[in-house]
Amino acid sequence: MYQSFKVKNFRCFNELTLGDLKRVNLIAGMNNVGKTALLEALFLHGGAYNPQATFKLSAFRGIENVKVNLSRLGETVWDSLFNQFDNTKSIELVGENNAGSRSLRLRVAREPVDLKKISHYISDSPEEFTGLLTSSESAQVLAVEYKENGRQTALYMVADQKGIRTEPFPLTPPFPTFFQTARLRVPFIEEAEGFSKLELQGKQDELLRVLRLIEPRLKRLAVVVESGEIMLQGDIGSARLVPLPLMGEGIARLATLMLYMSNASNGVVLIDEIENGLHHSVMAKVWKAIGEAARQYDTQIFATTHNLECIVAAHRAFIESNQHDFRLHRLERTREGLIAVTYDQEDLAAVIETSLEVR
Amino acid sequence: MDLDTLDVIHPYILVVEGKEEEVFFRELIRRLGLPKIQIVPIGGKSNLRQNLKILAKSPRFNDTVISLGIVRDADDNWSAAFQSVRDALQAAGLTAPESQLASVGNKPRVTIMILPESGASGMLEDLCLKTVENDHANLCVEQYFQCLQQQGLPLPRNMAKARVQVFLASKPEPGKRLGEAAEAGYWPWDDLAFEEVKNFLKQICFA
């Protein structure tokens, strides 16, 4: 579990350190201050062994195909990851936990010594990644260097006319990391697989119990194959089962979140705009369920919000649970740069008493 | 659930204990013609330490606030009250002045005023009562409490608050609270007893 996280030269962050991290962390702040970018940085750090996570970030933002012009000197397909689009600097992501420090460094490899190391990859590899349009003979290379407790690994992501691929073959990430975006729907198959895993463990009722917080009529859930499409559907007393997304955005998002958590033991679940689709009256109950599930599955949560009701509900839910393993972190752009301001239990109680703004 | 929030939006901030002080000081600031001072009622003195910390953590506080004034009652012990404000300031990572009305620090500059006046125990009510010491109605106020004693009735626990209520009962529109009485012009703003608190407010804006 992260205790602190440092981001350098990534997206809008020149440098930011987020400390006092707990089991559940809620990120607030003004528009365009970097809340989603912070989740992306955590996602990259969690998926450390797989540089293709960099392209998943584009997909999370709704950019499915990556357009790269290999003939334009200096620009690379990864430039949007770098602060101020400056790919001459290195992105550094450092997470601290009980066991020590894990750091990830991403840099565009352009020195002859780097390119020599991977020249055989560039010439020998078959085409792998189809979401890329290329237009020249040259190759771009992203070096991903990963360090944990003295152990060091380097992987290279190559973009050339054959496509994009990672060399050597990436290892399994050190722990599971899931990202629930603010708007994009999770593929039905992914959701059905998650539910099936729960069923295999006989834990499907746990999901049902949580979903009943926002749909009390829900009697059971089932994975249904209809017209070749696998989908999670629910029985709410209608003449037939109803696909989860048709019941509403809130229940569909909550189902995804719970499935992610149950499959992220010892890992991290990232949720952008957690309040989306949830009525304020159920928010405290949902937070209570999130807290319980996070403890049960030993999952760490990072979620963003704009919503004060969501923050207050979270604080109250964690007070009631007698385990205030929760922090609010506000990202704020100041004259000195981006900073993170952290609120603990006493701070949040004072915020509610004084009505002083926290977002 | 009331979710109206208090945003720090002005460069000059005055921290007061509660609603009554907020209304009183807003009126005095208006009468002095000072630039806009945002008044932040931060709750009782027992919460000052925690709530001041939260104020200093507020969004845009560091970039917005130039000057911060803190006013609170001395109650029984002026020195202890002054020290408690200093402790709260330090806990919030702010500069703590060594003495009343000494403005110190930078971003924000900090000034403390302990009421009713330097070195004296008491509260805002005592300050207001001092300004009407020579008011004819004051004789009746004292007689009222003497009468209570003669009848064998216990005196109120907070005599300053009780005296203010009895004094304000003599006014054309009785039933006003201390702050409302300020708005109604029932306190003589030109009285010398208000000089220290006026200097304090000017100090917040101009030091």
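Observations on the model:
- 0 to 90° range, to nearest 10: angle between helix A:35-46 axis and chain A longest Cα axis: 70 degrees
- With at most 11 neighbouring Cβ atoms within 10 Å, loop GluC sites (Glu not before Pro) (DSSP) excluded, longest segment of chain B: B:1-97
- The range B:57-94 and the range A:149-224 have Cα centres spaced 49 Å apart.
- For the range A:127-284, the convex hull drawn through the C-alpha positions has a volume of 171 cubic angstrom per residue.
- Using bins of 5 Å that start at zero, the share of Cα-Cα pairs per bin across the range B:27-83 amounts to 4, 13, 22, 22, 18, 16, 4, 0, in whole %.
- log₁₀ of I(q)/I(0) at q = 0.12, 0.14, 0.21 Å⁻¹ - the range A:233-359, Debye sum with one point per alpha carbon: -0.52, -0.69, -1.30
- A convex hull fitted to the Cα coordinates of chain A yields 151 cubic angstrom per residue.
- From its DSSP helices (H runs of at least four residues, each -39,500 (n - 2.57)), chain B gives a residue-normalised ellipticity at 222 nm of -13500 deg cm²/dmol.
- The mean number of Cβ atoms from other chains found within 10 Å of a Cβ in peptide A:332-341 is 3, as a whole number.
- Longest exposed-site-free window of chain B, the sites being trypsin sites (Lys or Arg not before Pro) in a DSSP loop that have at most 14 other C-beta atoms within 10 Å: B:37-156
- Segment A:Arg110-A:Thr334, extension gain: residue separation times 0.36 nm, minus the distance between their alpha carbons: 77.2 nm
- Fraction of beta bridges assigned by DSSP in the protein assembly as shown that are antiparallel (%, nearest 5): 60 percent
- Degrees separating the helix A:345-354 axis from the principal Cα axis of chain A, which is the longest one: 70 degrees
- Using just its DSSP H runs of length 4 or more, each adding -39500 (n - 2.57), chain A gives a mean residue ellipticity at 222 nm of -9000 deg cm²/dmol after division by all residues.
- Viscosity 1.306 mPa s, 10 °C: Kirkwood-radius Stokes-Einstein D of the range A:186-248 over Cα pairs, µm²/s: 133 µm²/s
- Axis angle, to the nearest 10 degrees, between helix A:280-297 and the longest C-alpha principal axis of chain A: 60 degrees.
- Within chain B: Cβ-based charge dipole about Cα centre, in debye rounded to nearest 20 (Lys, Arg +1; Asp, Glu -1): 600 debye
- Estimated Rh, the range A:229-299: Kirkwood, alpha-carbon pairs, angstrom: 13.3 Å
- Diffusion coefficient, µm² s⁻¹, Stokes-Einstein with Kirkwood Rh over alpha-carbon pairs of the range B:13-130 at 37 °C and 0.692 mPa s: 229 µm²/s
- 5 Å binning of all Cα-Cα separations within chain B, expressed as whole percents from 0 upward: 1, 7, 14, 19, 19, 15, 11, 7, 4, 2, 1, 0
- For the range A:161-231, applying the loop criterion from DSSP together with a ceiling of 16 other beta carbons within 10 Å to the trypsin sites (Lys or Arg not before Pro) yields A:Arg183, A:Arg185, A:Lys203, A:Arg212, A:Arg217, A:Lys219.
- Of the chymotrypsin sites (Phe, Trp or Tyr not before Pro) in the range B:144-207, not one is in a loop by DSSP (not H, G, I, E or B) with at most 10 other beta carbons within 10 Å.
Quick note: the coordinates plus some simple rules give every number you see, no bench work behind them. Computed from a predicted structure; not experimentally measured. Please note: Cβ atoms are built from the backbone with ideal geometry, for glycine as well, and neighbour counts cover all protein chains shown.
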